[in-house]
Structures are given as C-alpha cells and as structure tokens.
Amino acid sequence: MKYLLVLSILFVSNFDFGHSQARAGQAAQNLCRNKQNGVFPHEEYCDYYYECDASGEAVIEACPNGLAFAGHKRGLVTNCDYPHRVGCPDGTRVMGQQPIGSDNCQWQYGVFPHATSCTRYWHCWNGTATIQQCPFSLLYNDVIHSCDWPDNVPDCQKHPICKDVPNGAVLIEKSCVRYWLCVGGYPRLQRCPAGLAFNPNTLRCELATTVQGCEPPPTTAAPDEEEESDANKPAANSRPQQQAPTPQQFRPSQSGVRLVGK
C-alpha cells in the first residue's frame, strides 16, 4: 500500500497539468527517443501534447486555455486550434484544463454564442471578446461555431418577411427579377435567370414577356446596308420625321410598373 502511494505521488509530481515542461511518462519518452524534435498528441487530453526536445526527452506542453492540439504548426497558435476544428472531444479524449472565463468568454480562446441574439456571436482571443455579426439571412449555429442557414438553427426567432410564408416565395415590390425565398422562417434573396421575371400571381419565374409590367421594351432592327447608302438618304431640306411617342406602358413614371432588371 505504501509502495502504491509513493508511485502516485511521483506520477502527480511529474505530470503537473498546471505547468508546462512537465516530464512525460515512459511511453512518450520512448516515442521521442525514436523521433527527436517531434510533437505527439496526449492519450487522454486534447489540450495537452508531448514535445520532444533536442536531447530526445519528452515534455508535456499545454495549449492556450480553450484550444486543443492540432499537430505540428497546424493551429491558430503554433500547434493548437479550436477544439471543434480538431474534433475534440472525440469519445476518448477530453479537455484537461479548467475553463478560464471572462466577460462573454467561456474560455480564453474560442467562439461562443450571444446571450440574446441569434445573428451575433463572440470571438474570444486571449480573454478579450469581440462581437461578430452574421451576414444577412444567416444565424449563428453553435454546433458548428459559425453562421449557418436559419433552417439549420432551431429555436431562433422568425424574420418579419416570412411571418406569413415560413416556407415559400415572397414578392419584392418594384422588382421584376428578385424575390425572397423563405426557408424555415428566414428569407434568402433570389434572382430569376436571364429572360425571366417573377410572376406575383404564380410566385414563379416565368418568361418576362408573359409577366404584366415586366415586358422587355421592343427592339429596333438594325438598318440594311442599302438603307445606309447616300442614294437612299433623305434630302437635306426635307423635314425630319417625328419620333413616335413612347407607349404608355413603358414610361418609367407610370405607377404600378416594376423595374426590369432590378
């Protein structure tokens, strides 16, 4: 019993998680003797790793609080990266350090959700939190620690554009080619392909010539070469022919006409 107690005390003294440069166990020492100047993951903890010094001895190194071992110079900070990018916990290994929290930061390093907003989140670096905003139509997904489509983020508030149509197309006033596509209560901006316009009656993209108010203007055919010859040009003293007025349905000032190509 005394022998086991002495072994336990020696193990704890050599494996002090609160202090890097602690001596590693015999298995890690054997790894370093076979491959000097290498780094190896710890068997139990993601945020610790073994590093072989120049003499071939293995020492235990600790990642910055909140980061996990990623490999030799593969991380954000030397050998360490965010746990979700490393794949920790992985069913075998877990984080060994205790979290060192500060305002809006659960750990000194990491990406964390906002307490009251679905579109904002905190980026923590060395204990300093910086607010981040997701791009339009995206929400913060704490499972993947980044912004995601709203239908992949449960339990978040719905957008006013989609309050009546949680899943489907919604007309954008005064636009012939753009519309909202609501998915899971949040809008995604869409655009009809060339030559098509959004039909407010069918809520689909259709030929622009069939959508009232979005018909393309008539095109003027190019003159033939014979018409461009001097023989066919009007006399100098002839009165110029007046241009026909623009049809009423294509005047931009007319109310109810949507803008083509907007």
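The values are calculated or read from the model by the stated rules, or taken from the named source; none is laboratory data. Treat the numbers as computed from the prediction; the structure is a model and nothing was measured. Cβ sites come from the backbone with ideal geometry, for glycine too, and all protein chains shown count toward neighbours.
Taken as a whole, the condition of being of a type in the set (A, V, I, L, M, F, W, C) and either at pLDDT 90 or above or assigned to a helix (DSSP H, G or I) (or both) applies to PHE112.
Screening the stretch 67-98 for residues that are in a loop (DSSP other than H, G, I, E, B) and of a type in the set (A, V, I, L, M) and picking the one that is modelled with the lowest pLDDT gives LEU76. The residues in the stretch 124-141 that are surrounded by 14 or more Cβ atoms within 10 Å (Cβ to Cβ) and touching a Phe, Trp or Tyr at 6+ places or on another chain (Cβ under 8 Å) can be counted, and the count is 9. The set of residues in the stretch 67-88 that are more than 8 Å from ASP47 (Cβ to Cβ) and of a type in the set (Gly, Ala, Ser) comprises ALA70, GLY71, GLY75, GLY87. Counting the residues of the stretch 63-102 that are crowded, with 17+ Cβ neighbours inside 10 Å, touching a His at 6+ places or on another chain (Cβ under 8 Å) and not polar (S, T, N, Q) gives 3.
For the stretch 183-194, the criterion of being farther than 30 Å from VAL111 by Cα and of a type in the set (Lys, Arg) is met by at least one residue. Residue pairs whose Cβ atoms lie under 9 Å apart, separated by 6 or more positions or on different chains, with the first residue in the stretch 172-184 and on the phi > 0 side of the Ramachandran plot and the second assigned to a strand (DSSP E or B), are LYS174/LEU259.
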